[in-house]
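The values are calculated or read from the model by the stated rules, or taken from the named source; none is laboratory data. Since the structure is predicted, the reported quantities are computational estimates derived from the model, not experimental observations. Methodologically, a virtual Cβ is constructed for each residue, glycine included, from the backbone with ideal geometry; neighbour enumeration extends over all protein chains shown. Only protein heavy atoms, including side chains, enter the accessible area calculation; ligands, DNA and RNA are left aside. Shrake-Rupley method; radii C 1.70, N 1.55, O 1.52, S 1.80 Å.
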Amino acid sequence: KGTATTVFESAEMAAQALAIDAQDNLYIGTSPDGKIYKVTPGGEKKVFFEPKTKYIWNLAFDRDGTLYVATGDKGQIFAVSPDGKGQVFYTSEETHIRALAFDANGNLLAGTEPNGLVLRISKASGKDAAPRAFVLYEASKKEITALLVDRAGNIYAAAIGEKQRVIPLILPQGLWSFGLVFL
């Protein structure tokens with residue numbers, strides 16, 4: 001029988017995301033009106049970064065120690081340096097970025113909602129260059145909730161939710177209306 005120790009409690013409703021850096025600091029993303037907290041191995045707790053967005057869905061560190069933060073309601077990814085200074089790294093046309101992972105080449109992978117996309121986002125090169133996103137996959141589900149890359153480079157995605165299909169509803173002749181049915 002194992003034991004459990006509470007290491008963090010927050011005033012926010014939910015802790016949605018966890019990550020650990022190379023120094024074994026724990027990072028916790030909370031929602032709604034999300035914040036990222038840092039808990040040191042010694043137990044010190046503090047707000048690390050506030051992206052001023054509703055949901056923090058996922059956290060992932062790259063090789064150089066930058067923390068990437070997947071958020072929702074604006075579909076943005078933030079890049080946060082080890083000193084807690086962050087900025088928008090990428091803004092999607094999707095409402096939510098739900099999942100993050102890195103491929104073997106260091107490209108950021110992102111899972112989205114509502115179109116169930118897996119994006120590969122290449123880091124910008126050059127002073128004024130913006131990150132470039134490429135759709136690797138569109139799932140039959142509307143929400144990519146987790147991503148994992150194995151040692152061979154295979155990408156695994158977990159997805160939920162049925163996409164709505166729009167079917168025109170044709171009314172009897174002589175009526176000037178048009179309707180849509182969502183299935």
- Message: Looking at (1) in contact with a Gly (Cβ under 8 Å, 6 or more places away or on another chain); (2) farther than 18 Å from GLN76 by Cα; (3) of a type outside the set (Lys, Arg); (4) open to solvent by 40 Å² or more (accessible area, probe 1.4 Å), which one does TRP57 not meet, given that it meets all the others?
- Response: (2)
- Task: Can you tell me which residue within segment 86-104, out of those that are part of a strand (DSSP E or B) and β-branched (Val, Ile, Thr), is surrounded by the most Cβ atoms within 10 Å (Cβ to Cβ)?
- Result: ILE97
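From ASP33, ASP83, ASP64, grab the single residue that is of a type in the set (Asp, Glu), open to solvent by 50 Å² or more (accessible area, probe 1.4 Å), part of a loop (DSSP other than H, G, I, E, B) and closer than 24 Å to TYR156 by Cα. Break it down into steps so the answer makes sense when it comes.
On the way: ASP33 fails: closer than 24 Å to TYR156 by Cα; ASP83 fails: closer than 24 Å to TYR156 by Cα.
Residue meeting the stated conditions: ASP64.
In the list LYS46, LYS1, which residue meets the criterion of being free of Cβ contacts under 8 Å to residues at least 24 places away in the same chain, among the basic types (Lys, Arg), more than 20 Å from PHE134 (Cα to Cα) and in a strand (DSSP E or B)?
Details: LYS1 fails: in a strand (DSSP E or B).
Just a single option satisfies the conditions, and that option is LYS46.
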- Query: In segment 65-82, which residues are within 13 Å of PHE48 (Cβ to Cβ) and of a type in the set (A, V, I, L, M)?
  - Reply: LEU67, VAL69, VAL80
- Tabulated pairs, segment 59-88, first without any contact (Cβ under 8 Å) to a residue 24 or more places away in the chain, second surrounded by fewer than 18 Cβ atoms within 10 Å (Cβ to Cβ) and of a type in the set (D, E, K, R), C-beta under 6 angstrom, 6+ apart or interchain: ASP73/LYS54
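Out of curiosity, is ARG151 closer than 21 Å to GLN87 by Cβ and among the charged types (D, E, K, R)? Steps first, answer last, please.
Working: closer than 21 Å to GLN87 by Cβ: no; among the charged types (D, E, K, R): yes.
Spelling it out, it is not the case that ARG151 is closer than 21 Å to GLN87 by Cβ and among the charged types (D, E, K, R).
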- Picking from VAL47, VAL39, VAL69, the residue that is within 28 Å of ASN154 (Cα to Cα) and either β-branched (Val, Ile, Thr) or open to solvent by less than 10 Å² (accessible area, probe 1.4 Å) (or both) would be VAL69
